[in-house]
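Okay, so here's the structure we're looking at.
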Amino acid sequence: MTTATPRALRTPPARTGAAGAGPPAPAAPASLPSLTGLRWMAALLVFGLHVNNFGYFGGTGGRLVNWAFGAGATGVSFFFVLSGFVLTWSARPRDRALAFWRRRIARIYPVHLATLAVALVMAYTLAHQPRPTVKQALANVLLLHSWWQPWWQTLNPVSWSLACEAFFYAAFPLLFLLLRRLGVRGAIALGGLSVAAVLVLAWSDAHHWWTHPIYSFPAARLPEFVLGAVTARLVLLGRWRGPGLEASLALAVIGYFMVPQVTPGYSATVCTLAGFTLLIPAAAVADLQGLPSLWRRRRLVRLGELSFAFYMIHLLVLRAATEVLGKKPHFGAPAGLAVTAAAFGVSLGLSWLLYEAVECPARRLLLRRRRPAPRPDLVPARREAPAPARD
């Protein structure tokens, strides 16, 4: 007796408007390449600051580098505002906090661990590198070192900003829930409170109200992140009314060169906050409306993709170079340019390696979805081989 093999059950695709069909999946947020290009410029400011701090140039060259990059630390403030904007822009309304945190860990933690390992190797193999205590190393691993001033510059010093970002990520689900419930006026009021908080913190820091400087204290940098989130919310609602890209860039540049006029440290945030808060949504609106934007050129966007790895590795390259160059060599212009170009080239090459060999593969691995086990009633029956003939 022959038995018919049952056909596999198939679920017909849901038709638009069909009864019982779920709501359509929300459209993916539009790509904003100009923001990626701007990320590279912020990373370049930080690189220039550290070249200035390591004293590669002397004389007139040193004064020019200090004029151009002495305020480069404000690039970190730009990252904080940008982070709030991008996370709000790309947030998934039905997302769970654990899923969000998982994506954030996959985004920053592999490169952090890789550069932390490089810093540890340097600390124990190079002659003039400080060695961390066990507590300092553990705080770095857990991204807690910016909460305690004596630890914030240990191992890979630039990672202090990641400790701030980790705090922002922890707070973001609650912040996003609040923003979704606030109307336009409520969002604007929250932005105004954030600006006021920066002004108060800057004034109190300049007048030494705090035991330690608050420049690297994560809670003190939260208002910048909130401002970025507020502007993204207003753009999403179609209610952003800021100036265009050129005017916003001009305000950011003016604020940047005002930094030497204020007390060093947290106070610099006040100078650039308005420009950065206007520039980021202006660049986003330019992308959305197809307006001209220098920042979305292909090469700048590619460099922007490497900017996080570049930011994380460049200071370790400069530190390693002190073993050969010494501290603050104050070269003339030709030698200073050559050394700076070499440090930049090595940092960029290593950032490409980190991006291609660590950041992208690790993110894919950590975010890989497990395939659900097939349901028994949906598995097609296997045709059995016929029994052998018997004599």
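The values are calculated or read from the model by the stated rules, or taken from the named source; none is laboratory data. These figures come from a predicted structure and were not determined experimentally. For neighbour counting, all protein chains shown are included, and Cβ atoms are generated from backbone atoms with ideal geometry for every residue, glycine included. For the accessible areas, the whole protein counts, side chains as well, though only heavy atoms, and no ligand, DNA or RNA atoms are used. Shrake-Rupley method; radii C 1.70, N 1.55, O 1.52, S 1.80 Å.
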Report task. With runs of 4+ DSSP H residues as the only contributors, calculate the mean residue ellipticity of the chain at 222 nm using -39,500 (n - 2.57) per run, divided by the residue total and rounded to the nearest 500. Result -> -21000 deg cm²/dmol
Report summary line: accessible surface per residue for the chain, probe 1.4 Å, DNA/RNA/ligands not counted, whole Å² -> 57 Å²
Query raised in the report: What FRET efficiency do you get for Val200 and Trp67 if R0 is 25 Å and r is their Cβ-Cβ distance, rounded to the nearest 0.05?
Result: 0.25
Query raised in the report: On the accessible surface of the range 191-318, probed at 1.4 Å, how many percent belong to carbon and sulfur atoms?
Result: 68 percent
Query raised in the report: Ignoring ligands and nucleic acids, what accessible area does Glu305 show with a 1.4 Å probe (Å², nearest 10)?
Result: 60 Å²
**Report entry** FRET efficiency, Ala127 to Ala250 (Cβ-Cβ, R0 41 Å, nearest 0.05)
**Finding:** 0.30
Query raised in the report: So for the pair Phe257, Leu174, with labels modelled 7 Å out along Cα→Cβ, what separation do we get in nm?
Result: 4.2 nm
Query - Heavy-atom SASA rank of Ile214, Ile254 (probe 1.4 Å, accessible area, largest first) - result: Ile254, Ile214
Query raised in the report: Say the dipole of the range 274-328 comes from +1 at the beta carbon of Lys and Arg and -1 at that of Asp and Glu; which of Ala274, Trp295, Leu318 then lies farthest toward its positive end?
Result: Leu318
